[in-house]
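So the structure is just underneath, and the comments pick up after that.
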C-alpha cells in the first residue's frame, strides 16, 4: 500500500479536525462511501477486470482494496480484530465485491459514531502516532484517493462517475 496522498492529507490536518470532532469528518466519510458504493454498482461486470495499464489494479481489485482497507482502518479505531474473512482484492466476482464494499462501510459506520472523547484516544497506525480521529480522517483521505482512481476508470470507459452525475454532490 502506497497511500502517499492519503498520508500527506492525514498528516496535514489532524489539528484542525481534532478541534471539530467526529462530526466534522462524518460528512466526508458519507460522501466518499456513497461514491464508492455507487461506482461498484454502476460498473458493468465485464469491466471489473479492466486495467488502464498493466501496472495498476483492475477496477475489481481497486474496489476490493478499498473494502479491505476500510475493515483494517475501522477495526483499528474500534480496537477489534477485523471481521473480514477474505481478501477482497483477490475476489473477482462483481456481486461479492459489491457486497464486500457495502459490508466494509457498514462496519465502518460504527467507527464514525464513536464519541468525541474516544476519538481523542491515542493510537499507532502504520507506525505513526495520532488519535483515533486522525485515523478516521486518514481513512477518508484513503477512500478519496482511490475514488480518484475510480473516476479515471469510469472516464476511460466513457462513463460518468457518480460524483459528476445529476445530484452527485
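The values are calculated or read from the model by the stated rules, or taken from the named source; none is laboratory data. Quick caveat, the model's predicted, so the values are computed rather than measured. In this analysis, Cβ positions are derived from the backbone assuming ideal geometry, glycine residues included, and neighbour counts consider all displayed protein chains.
The table below gives the values:
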| item | result |
| --- | --- |
| Meets criteria (modelled with pLDDT of 95 or more and more than 23 Å from residue 151 (Cβ to Cβ)) for residue 18 | no |
| Residues being assigned to a helix (DSSP H, G or I), loosely packed, with under 14 Cβ neighbours inside 10 Å and in contact (Cβ under 8 Å) with a residue 12 or more places away in the chain - total across the range 90-109 | 1 |
| Condition met for residue 112 (over 19 Å from residue 40 (Cβ atoms) and buried (at least 17 other Cβ atoms within 10 Å of the Cβ)) | yes |
| Qualifying residue in the range 130-141 (condition: in a loop (DSSP other than H, G, I, E, B), at negative phi and modelled with pLDDT of 95 or more) | no |
| Number of positions in the range 74-88 that are surrounded by 17 or more Cβ atoms within 10 Å (Cβ to Cβ), closer than 20 Å to residue 60 by Cα and at pLDDT 95 or above | 1 |
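Every residue, every condition in (1) farther than 23 Å from residue 165 by Cβ; (2) at pLDDT 95 or above, yes or no:
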residue	(1), (2)
10	yes, no
24	yes, no
28	no, yes
32	no, yes
36	no, yes
44	no, yes
53	yes, yes
